[in-house]
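Structure first, then comments.
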Amino acid sequence: MNFVVLLFVLGAILLFGGSVWLFLQTRERETDADLKLRLRVSGADEVAVGQGSTTISNGFLRAVCHLFWRTGSDIRPASVLRLMLVIAAVAVLLLLSIGPLYTLPLLGVFLLLFYIVLVQQAVWRRRKIVEQLPAYLENVIRVLAAGNTLDEALSQAAREAPHPIQPLFISISRQVRLGALLEQVLSEAGDIHRLRDLKVMAMAASINRKYGGSMRGVLKSLIVLIRQRAGAAQELRALTAETRFSAKMLAVINVILFVYMYLSNPKYYDKMLADPKGGMLLIGSGSMLFLGFIALWWMLKGIDEGDS
(Lines give C-alpha, C1' and ligand atoms only; values in the text may rest on other atoms or scores of the structure.)
Protein backbone atom coordinates (compact mmCIF):
# COMPACT_ATOMS: atom_id res chain seq x y z
CA MET A 1 0.00 0.00 0.00
CA ASN A 2 2.78 2.43 0.87
CA PHE A 3 4.54 1.67 -2.40
CA VAL A 4 1.36 2.45 -4.37
CA VAL A 5 0.97 5.76 -2.51
CA LEU A 6 4.58 6.69 -3.24
CA LEU A 7 4.10 5.90 -6.92
CA PHE A 8 1.00 8.07 -6.93
CA VAL A 9 2.94 10.93 -5.31
CA LEU A 10 5.77 10.52 -7.83
CA GLY A 11 3.31 10.64 -10.71
CA ALA A 12 1.71 13.76 -9.28
CA ILE A 13 5.10 15.44 -8.95
CA LEU A 14 6.02 14.57 -12.53
CA LEU A 15 2.67 15.81 -13.86
CA PHE A 16 3.03 19.04 -11.89
CA GLY A 17 6.56 19.50 -13.22
CA GLY A 18 5.34 18.90 -16.78
CA SER A 19 2.57 21.47 -16.40
CA VAL A 20 5.04 24.05 -15.03
CA TRP A 21 7.42 23.29 -17.88
CA LEU A 22 4.67 23.78 -20.49
CA PHE A 23 3.61 27.05 -18.84
CA LEU A 24 7.19 28.37 -18.85
CA GLN A 25 7.70 27.28 -22.44
CA THR A 26 4.59 29.25 -23.46
CA ARG A 27 5.74 32.34 -21.55
CA GLU A 28 9.22 32.05 -23.06
CA ARG A 29 7.85 31.85 -26.60
CA GLU A 30 5.62 34.87 -25.99
CA THR A 31 8.60 36.83 -24.65
CA ASP A 32 10.76 35.86 -27.63
CA ALA A 33 8.01 36.83 -30.08
CA ASP A 34 7.56 40.21 -28.38
CA LEU A 35 11.32 40.80 -28.38
CA LYS A 36 11.66 39.96 -32.08
CA LEU A 37 8.82 42.36 -32.87
CA ARG A 38 10.55 45.14 -30.92
CA LEU A 39 13.83 44.40 -32.68
CA ARG A 40 12.22 44.57 -36.12
CA VAL A 41 10.64 47.93 -35.26
CA SER A 42 13.90 49.35 -33.90
CA GLY A 43 15.99 47.90 -36.74
CA ALA A 44 18.38 46.07 -34.41
CA ASP A 45 19.76 42.59 -34.84
CA GLU A 46 17.86 39.62 -33.45
CA VAL A 47 20.00 38.77 -30.46
CA ALA A 48 19.30 36.89 -27.25
CA VAL A 49 17.68 38.60 -24.34
CA GLY A 50 20.20 39.99 -21.84
CA GLN A 51 20.39 38.51 -18.40
CA GLY A 52 19.57 41.71 -16.62
CA SER A 53 16.33 42.20 -18.58
CA THR A 54 14.89 38.92 -17.31
CA THR A 55 12.38 39.43 -14.51
CA ILE A 56 11.81 36.44 -12.24
CA SER A 57 9.09 36.68 -9.61
CA ASN A 58 10.09 33.59 -7.61
CA GLY A 59 12.88 34.50 -5.18
CA PHE A 60 14.49 31.05 -4.97
CA LEU A 61 14.50 30.59 -8.74
CA ARG A 62 15.94 34.09 -9.16
CA ALA A 63 18.77 33.31 -6.72
CA VAL A 64 19.62 30.07 -8.55
CA CYS A 65 19.58 31.84 -11.92
CA HIS A 66 21.84 34.60 -10.61
CA LEU A 67 24.27 31.95 -9.35
CA PHE A 68 24.46 30.39 -12.81
CA TRP A 69 24.76 33.79 -14.48
CA ARG A 70 27.64 34.76 -12.20
CA THR A 71 29.61 31.83 -13.64
CA GLY A 72 29.19 33.23 -17.17
CA SER A 73 26.42 30.85 -18.21
CA ASP A 74 23.57 32.09 -20.42
CA ILE A 75 21.07 29.56 -19.08
CA ARG A 76 17.43 30.65 -19.09
CA PRO A 77 15.12 30.48 -16.06
CA ALA A 78 12.98 27.81 -17.75
CA SER A 79 16.04 25.57 -18.16
CA VAL A 80 16.99 26.11 -14.50
CA LEU A 81 13.49 25.11 -13.44
CA ARG A 82 13.67 21.96 -15.58
CA LEU A 83 16.97 21.07 -13.93
CA MET A 84 15.44 21.53 -10.48
CA LEU A 85 12.50 19.31 -11.43
CA VAL A 86 14.85 16.61 -12.71
CA ILE A 87 16.79 16.69 -9.41
CA ALA A 88 13.52 16.44 -7.47
CA ALA A 89 12.38 13.47 -9.58
CA VAL A 90 15.73 11.71 -9.07
CA ALA A 91 15.51 12.33 -5.34
CA VAL A 92 12.05 10.73 -5.22
CA LEU A 93 13.29 7.71 -7.18
CA LEU A 94 16.24 7.31 -4.82
CA LEU A 95 13.91 7.53 -1.83
CA LEU A 96 11.83 4.72 -3.29
CA SER A 97 14.81 2.54 -4.15
CA ILE A 98 17.38 2.93 -1.34
CA GLY A 99 15.46 4.77 1.37
CA PRO A 100 15.96 8.14 3.10
CA LEU A 101 18.92 6.96 5.22
CA TYR A 102 21.21 6.97 2.18
CA THR A 103 19.31 9.29 -0.15
CA LEU A 104 19.43 12.41 2.02
CA PRO A 105 23.23 12.33 2.64
CA LEU A 106 23.97 11.52 -1.01
CA LEU A 107 21.68 14.25 -2.28
CA GLY A 108 23.04 16.75 0.26
CA VAL A 109 26.67 16.02 -0.67
CA PHE A 110 25.90 16.24 -4.40
CA LEU A 111 24.06 19.56 -4.09
CA LEU A 112 26.74 21.03 -1.84
CA LEU A 113 29.57 20.02 -4.18
CA PHE A 114 27.63 21.39 -7.15
CA TYR A 115 27.05 24.65 -5.28
CA ILE A 116 30.73 24.91 -4.30
CA VAL A 117 31.84 24.40 -7.91
CA LEU A 118 29.47 27.13 -9.12
CA VAL A 119 30.53 29.55 -6.37
CA GLN A 120 34.24 28.98 -7.03
CA GLN A 121 33.70 29.55 -10.75
CA ALA A 122 31.77 32.74 -9.97
CA VAL A 123 34.52 33.96 -7.62
CA TRP A 124 37.20 33.30 -10.25
CA ARG A 125 35.16 35.10 -12.93
CA ARG A 126 34.44 38.10 -10.69
CA ARG A 127 38.12 38.36 -9.80
CA LYS A 128 39.09 38.32 -13.50
CA ILE A 129 36.50 41.01 -14.27
CA VAL A 130 37.84 43.24 -11.48
CA GLU A 131 41.40 42.74 -12.77
CA GLN A 132 40.38 43.70 -16.31
CA LEU A 133 38.12 46.59 -15.31
CA PRO A 134 40.80 49.35 -14.97
CA ALA A 135 42.17 48.73 -18.49
CA TYR A 136 38.63 48.58 -19.86
CA LEU A 137 37.68 51.88 -18.19
CA GLU A 138 40.81 53.51 -19.62
CA ASN A 139 39.59 52.53 -23.09
CA VAL A 140 36.17 53.94 -22.23
CA ILE A 141 37.79 57.25 -21.22
CA ARG A 142 39.65 57.42 -24.53
CA VAL A 143 36.42 56.83 -26.45
CA LEU A 144 34.66 59.50 -24.35
CA ALA A 145 37.43 61.95 -25.16
CA ALA A 146 36.54 61.56 -28.86
CA GLY A 147 33.06 62.99 -28.17
CA ASN A 148 30.99 59.79 -27.81
CA THR A 149 28.29 59.20 -25.22
CA LEU A 150 28.83 56.86 -22.27
CA ASP A 151 26.76 53.99 -23.68
CA GLU A 152 28.57 54.26 -27.03
CA ALA A 153 31.92 54.31 -25.23
CA LEU A 154 31.04 51.20 -23.23
CA SER A 155 29.94 49.40 -26.39
CA GLN A 156 33.04 50.31 -28.42
CA ALA A 157 35.46 49.48 -25.61
CA ALA A 158 33.74 46.12 -25.05
CA ARG A 159 34.53 45.02 -28.61
CA GLU A 160 38.25 45.11 -27.86
CA ALA A 161 38.05 43.83 -24.27
CA PRO A 162 39.18 40.31 -23.27
CA HIS A 163 37.04 37.57 -21.80
CA PRO A 164 35.16 37.54 -19.38
CA ILE A 165 34.58 41.31 -19.24
CA GLN A 166 33.69 41.44 -22.94
CA PRO A 167 30.41 39.43 -22.82
CA LEU A 168 29.34 41.26 -19.67
CA PHE A 169 29.50 44.75 -21.21
CA ILE A 170 28.28 43.53 -24.60
CA SER A 171 25.15 42.29 -22.80
CA ILE A 172 24.84 45.66 -21.04
CA SER A 173 25.17 47.55 -24.33
CA ARG A 174 22.64 45.23 -25.98
CA GLN A 175 20.03 45.96 -23.32
CA VAL A 176 20.64 49.71 -23.66
CA ARG A 177 20.07 49.45 -27.42
CA LEU A 178 16.76 47.71 -26.68
CA GLY A 179 15.60 50.77 -24.73
CA ALA A 180 16.68 50.18 -21.12
CA LEU A 181 18.31 52.96 -19.11
CA LEU A 182 22.08 52.60 -18.77
CA GLU A 183 22.13 53.21 -15.03
CA GLN A 184 19.38 50.64 -14.48
CA VAL A 185 21.20 47.97 -16.51
CA LEU A 186 24.50 48.68 -14.74
CA SER A 187 22.81 48.47 -11.34
CA GLU A 188 21.13 45.15 -12.23
CA ALA A 189 24.41 43.73 -13.52
CA GLY A 190 26.14 44.86 -10.33
CA ASP A 191 23.50 43.06 -8.24
CA ILE A 192 23.65 39.86 -10.31
CA HIS A 193 27.44 39.59 -10.51
CA ARG A 194 28.08 41.23 -7.09
CA LEU A 195 30.31 43.94 -8.56
CA ARG A 196 30.24 47.10 -6.48
CA ASP A 197 32.12 49.03 -9.15
CA LEU A 198 29.22 48.63 -11.60
CA LYS A 199 26.85 50.10 -9.02
CA VAL A 200 29.20 53.08 -8.65
CA MET A 201 29.16 53.49 -12.43
CA ALA A 202 25.36 53.28 -12.39
CA MET A 203 25.15 56.03 -9.77
CA ALA A 204 27.57 58.21 -11.72
CA ALA A 205 25.65 57.62 -14.96
CA SER A 206 22.38 58.53 -13.25
CA ILE A 207 23.84 61.78 -11.88
CA ASN A 208 25.39 62.56 -15.26
CA ARG A 209 22.06 62.02 -17.02
CA LYS A 210 20.14 64.29 -14.60
CA TYR A 211 22.65 67.08 -13.90
CA GLY A 212 25.33 66.72 -16.57
CA GLY A 213 29.06 66.89 -16.00
CA SER A 214 32.09 64.93 -17.15
CA MET A 215 32.24 61.18 -16.65
CA ARG A 216 35.97 61.00 -17.30
CA GLY A 217 36.90 62.33 -13.87
CA VAL A 218 34.61 59.83 -12.15
CA LEU A 219 36.01 56.93 -14.17
CA LYS A 220 39.59 58.00 -13.44
CA SER A 221 38.85 58.08 -9.71
CA LEU A 222 37.20 54.65 -9.99
CA ILE A 223 40.30 53.25 -11.73
CA VAL A 224 42.53 54.52 -8.91
CA LEU A 225 40.15 53.04 -6.31
CA ILE A 226 40.07 49.62 -8.00
CA ARG A 227 43.86 49.44 -8.22
CA GLN A 228 44.30 50.48 -4.60
CA ARG A 229 41.77 47.85 -3.51
CA ALA A 230 43.53 45.21 -5.61
CA GLY A 231 46.81 45.98 -3.85
CA ALA A 232 45.13 45.73 -0.44
CA ALA A 233 43.53 42.41 -1.46
CA GLN A 234 46.90 40.96 -2.50
CA GLU A 235 48.36 42.02 0.85
CA LEU A 236 45.43 40.38 2.65
CA ARG A 237 45.92 37.12 0.76
CA ALA A 238 49.62 37.15 1.59
CA LEU A 239 48.92 37.70 5.29
CA THR A 240 46.30 34.92 5.41
CA ALA A 241 48.15 32.40 3.21
CA GLU A 242 49.28 30.25 6.16
CA THR A 243 45.81 30.27 7.71
CA ARG A 244 44.12 29.32 4.44
CA PHE A 245 46.60 26.48 3.88
CA SER A 246 45.97 25.17 7.41
CA ALA A 247 42.21 25.26 6.83
CA LYS A 248 42.52 23.28 3.61
CA MET A 249 44.74 20.70 5.29
CA LEU A 250 42.26 20.31 8.15
CA ALA A 251 39.50 19.67 5.63
CA VAL A 252 41.50 17.11 3.62
CA ILE A 253 43.38 15.20 6.31
CA ASN A 254 40.22 13.73 7.87
CA VAL A 255 39.09 12.30 4.55
CA ILE A 256 42.57 10.87 3.90
CA LEU A 257 42.63 9.21 7.33
CA PHE A 258 39.19 7.68 6.78
CA VAL A 259 40.18 6.26 3.38
CA TYR A 260 43.44 4.87 4.80
CA MET A 261 41.73 3.22 7.76
CA TYR A 262 39.03 1.72 5.54
CA LEU A 263 41.54 0.32 3.04
CA SER A 264 43.77 -1.09 5.80
CA ASN A 265 40.92 -2.72 7.76
CA PRO A 266 37.58 -2.71 5.89
CA LYS A 267 36.02 -5.29 8.22
CA TYR A 268 36.20 -2.78 11.08
CA TYR A 269 33.69 -0.49 9.39
CA ASP A 270 31.60 -3.45 8.22
CA LYS A 271 31.09 -4.48 11.84
CA MET A 272 30.17 -0.92 12.79
CA LEU A 273 27.66 -0.68 9.96
CA ALA A 274 26.13 -4.02 10.99
CA ASP A 275 25.49 -2.62 14.46
CA PRO A 276 22.71 0.05 14.57
CA LYS A 277 24.59 2.11 17.14
CA GLY A 278 27.78 1.93 15.09
CA GLY A 279 25.93 3.11 12.01
CA MET A 280 24.47 6.04 13.91
CA LEU A 281 27.93 6.94 15.23
CA LEU A 282 29.39 6.88 11.72
CA ILE A 283 26.55 9.03 10.40
CA GLY A 284 26.96 11.48 13.29
CA SER A 285 30.73 11.76 12.84
CA GLY A 286 30.32 12.16 9.08
CA SER A 287 27.74 14.89 9.62
CA MET A 288 30.02 16.75 12.04
CA LEU A 289 32.91 16.45 9.57
CA PHE A 290 30.64 17.70 6.83
CA LEU A 291 29.56 20.72 8.89
CA GLY A 292 33.19 21.49 9.76
CA PHE A 293 34.09 21.36 6.07
CA ILE A 294 31.25 23.80 5.30
CA ALA A 295 32.43 26.18 8.04
CA LEU A 296 36.03 26.16 6.78
CA TRP A 297 34.93 26.64 3.19
CA TRP A 298 32.63 29.51 4.19
CA MET A 299 35.49 31.33 5.91
CA LEU A 300 37.76 30.88 2.90
CA LYS A 301 34.93 32.05 0.65
CA GLY A 302 34.66 35.23 2.72
CA ILE A 303 38.36 35.97 2.16
CA ASP A 304 38.02 35.36 -1.60
CA GLU A 305 34.95 37.59 -1.87
CA GLY A 306 36.76 40.30 0.07
CA ASP A 307 39.31 40.45 -2.75
CA SER A 308 36.67 41.68 -5.16
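The values are calculated or read from the model by the stated rules, or taken from the named source; none is laboratory data. It should be emphasised that the depicted structure is a prediction, and the values quoted were computed from it without experimental measurement. Cβ: placed from backbone, ideal geometry, glycine included. Neighbour counts: every protein chain shown.
Before moving on, here are some points about what is shown:
- Any chance Leu96 is surrounded by fewer than 16 Cβ atoms within 10 Å (Cβ to Cβ), touching a Leu at 6+ places or on another chain (Cβ under 8 Å), outside any loop (DSSP other than H, G, I, E, B) and at pLDDT below 85: yes
Residues checked against (1) at pLDDT below 85; (2) in the same structural domain as Ser173 (by TED's automatic domain parsing); (3) outside any helix (DSSP H, G or I):
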{"residue": "Ser53", "(1), (2), (3)": "yes, no, yes"}
{"residue": "Ser57", "(1), (2), (3)": "yes, no, yes"}
{"residue": "Ala63", "(1), (2), (3)": "no, no, no"}
{"residue": "Phe68", "(1), (2), (3)": "no, no, no"}
{"residue": "Leu85", "(1), (2), (3)": "yes, no, no"}
{"residue": "Ala89", "(1), (2), (3)": "yes, no, no"}
{"residue": "Val92", "(1), (2), (3)": "yes, no, no"}
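- Evaluation of Gln175 against (1) in contact with a Leu (Cβ under 8 Å, 6 or more places away or on another chain); (2) at pLDDT 80 or above; (3) not hydrophobic (A, V, I, L, M, F, W, C) (one fails), failing number: (1)
- Test for Pro134: is it more than 24 Å from Ser57 (Cβ to Cβ), at pLDDT 90 or above and either under 17 Å from the mean Cα position of the chain (by Cα) or not in a helix (DSSP H, G or I) (or both): no
- The listed residue being in contact (Cβ under 8 Å) with a residue 12 or more places away in the chain and not β-branched (Val, Ile, Thr), out of Leu281, Leu236: Leu236
- Checked across region 193-201, the condition of being of a type outside the set (Lys, Arg), within 21 Å of Ala135 (Cβ to Cβ), more than 23 Å from the chain's Cα centre (by Cα) and at pLDDT 90 or above holds for no residue.
- Residue count for region 199-233, restricted to those that are over 19 Å from Glu138 (Cβ atoms), free of Cβ contacts under 8 Å to residues at least 12 places away in the same chain and not basic (Lys, Arg): 5
- Condition met for Ile192 (part of a helix (DSSP H, G or I), assigned by TED's automatic domain parsing to the domain that holds Ile141 and in contact (Cβ under 8 Å) with a residue 12 or more places away in the chain): yes
- Val252 β-branched (Val, Ile, Thr) and more than 26 Å from the chain's Cα centre (by Cα): no
- Where helices (runs of 4 or more DSSP H) fall entirely within region 196-308, those with at least 2 residues that are among the aromatic types (Phe, Trp, Tyr) and either surrounded by fewer than 12 Cβ atoms within 10 Å (Cβ to Cβ) or touching a strand residue (DSSP E or B) at 6+ places or on another chain (Cβ under 6 Å) (or both) are at 241-264.
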